[in-house]
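Student: Take this structure, written in structure tokens, and hold onto it; I'll ask about it next.
FYI, it's all coordinate maths here, none of it is from the lab. Please read these numbers as outputs of a predicted model, since none were measured by experiment. Because the Cβ atoms are built from the backbone with ideal geometry, glycine has one as well, and the counts that use them run over all protein chains shown.
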Amino acid sequence: MLKWFGLSLIVGTLFSHTEIIFTSRLDFRGICWIYCLRQALLFLPVLVYFFFNAKITPVGLSIIYFLSVFISSLVGLWFGRGLLHFSFIKYREWIFKTWSFGKFVLWNNISSLLFRSTDNFITSKYFGTTVAGQYNACLRIGNLIDLPSQVLSDILYPRAAKFSATDKKEIKNIYEKSVGASLVFSIPALITLILIPDIVLALLAGHKFIIAANILRVTAIFGFILPFLKQFGTVMDATGSPKVNFLVMFFAFIINIFANLGGVHIWGPIGAAIGTLFTYFIIFILTQIILFNRFGVSLKKIFSNTFYFYRLIFSQGKAFLKLSTKIANDKG
């Protein structure tokens with residue numbers, strides 16, 4: 001499995017490169033097609049195996065994944081054929097520029113990965129794979145709240161990169177609006193998961209996972225805080241401060257280890273979620289202080305943008321219903 005996955009990672013560099021090119025041009029048509037194709041090529045063979053009651057081996061699934069990445073990467077290169085230009089002019093200069101910037105992004109991604117895996121590792125270590133599976137299901141459902149911020153961060157980066165760190169007003173405006181827009185989707189999802197976590201778990205994970213309803217209530221709050229942190233990272237990278245982003249995430253990783261160990265010791269399995277939430281809260285405060293000092297970002301403005309978007313959606317929905325009623329009456 002690791003051999004095939006290693007090949008997938010190598011081929012996946014083409015996939016990632018074309019995705020970055022599309023994002024820099026704000027061309028999301030190509031991104032949509034390559035992602036839909038990759039997921040379809042992975043899902044359809046599994047669906048065929050399921051309906052024909054055939055057995056699929058882990059290695060077979062790894063091969064299917066490799067083929068899905070390979071074919072979708074080729075399609076991505078075809079979509080980006082007018083945007084991709086290969087040149088060795090100033091090659092050495094750009095290698096050093098890329099490394100000086102990318103080394104902090106690399107370590108930041110490693111720190112972020114370790115940070116977001118700490119609670120899973122500790123839960124598995126202390127309570128076994130069954131509890132770890134329940135916890136992981138809650139994390140995956142909670143991550144659905146964060147999907148809008150992931151999309152907006154792809155849009156935000158190329159826009160923010162057009163400005164320097166001295167363009168404080170523009171960066172402030174972009175951050176406040178992108179987070180405010182993310183919360184439009186996050187708040188209803190958060191309320192739903194807090195009020196009826198057992199129903200959501202039963203529908204998405206199965207009835208055996210209902211026992212983890214209280215864990216889902218806690219992990220759902222992660223998705224509410226993540227837009228603030230994710231857009232912070234995007235702004236720091238885009239304005240040439242990846243080192244700050246890395247230091248914050250590494251600090252978060254260290255805190256999270258101790259918070260999780262203390263949490264599981266006091267509260268049991270749900271303690272990992274409580275410990276991680278405590279870490280998120282600390283990092284949330286820290287990042288908001290940095291954003292306020294550098295760009296003057298205001299939490300009040302973020303939430304006022306959220307309510308503005310709600311009013312805009314409501315007014316457009318009301319106008320649409322009024323128009324639909326008028327058309328129906330005219331036909332009648």
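Student: Arrange the peptides 284-290, 228-234 so that the one whose residues have, on average, the most other Cβ atoms within 10 Å appears first.
Tutor: 228-234, 284-290
Student: Going down the list LYS168/LYS322; LYS103/LYS301; LYS208/LYS300; LYS103/LYS169, which pairs span over 31 Å between their C-alpha atoms?
Tutor: Flagged as over cut-off: LYS168/LYS322; LYS103/LYS301; LYS208/LYS300.
Student: Right, another one. Sort GLU19, GLU170, GLU176, GLU93 so that the residue with the fewest other Cβ atoms within 10 Å of its own Cβ comes first and the one with the most comes last.
Tutor: GLU93, GLU170, GLU19, GLU176
Student: Let me ask something additional. Take the alpha-carbon centre of the stretch 20-96, take the same for the stretch 212-271, and report the distance between them in whole Å.
Tutor: Measuring centre to centre over Cα atoms gives 29 Å.
Student: Rounded to the nearest 500, what is the chain's calculated 222 nm mean residue ellipticity when only DSSP H runs of at least 4 contribute -39500 (n - 2.57) each, over all residues?
Tutor: When only DSSP H runs of four or more count, the value is -30500 deg cm²/dmol.
Student: For each of CYS32, CYS138, count neighbouring Cβ atoms within 10 Å of the residue's Cβ, then give the residues from fewest to most.
Tutor: CYS32, CYS138
Student: Follow-up. Please compute the contact order of the stretch 2-82 in relative form: average sequence separation of alpha-carbon pairs under 8 Å and at least six residues apart, divided by the residue count, as a percent.
Tutor: Relative contact order comes out at 52 percent.
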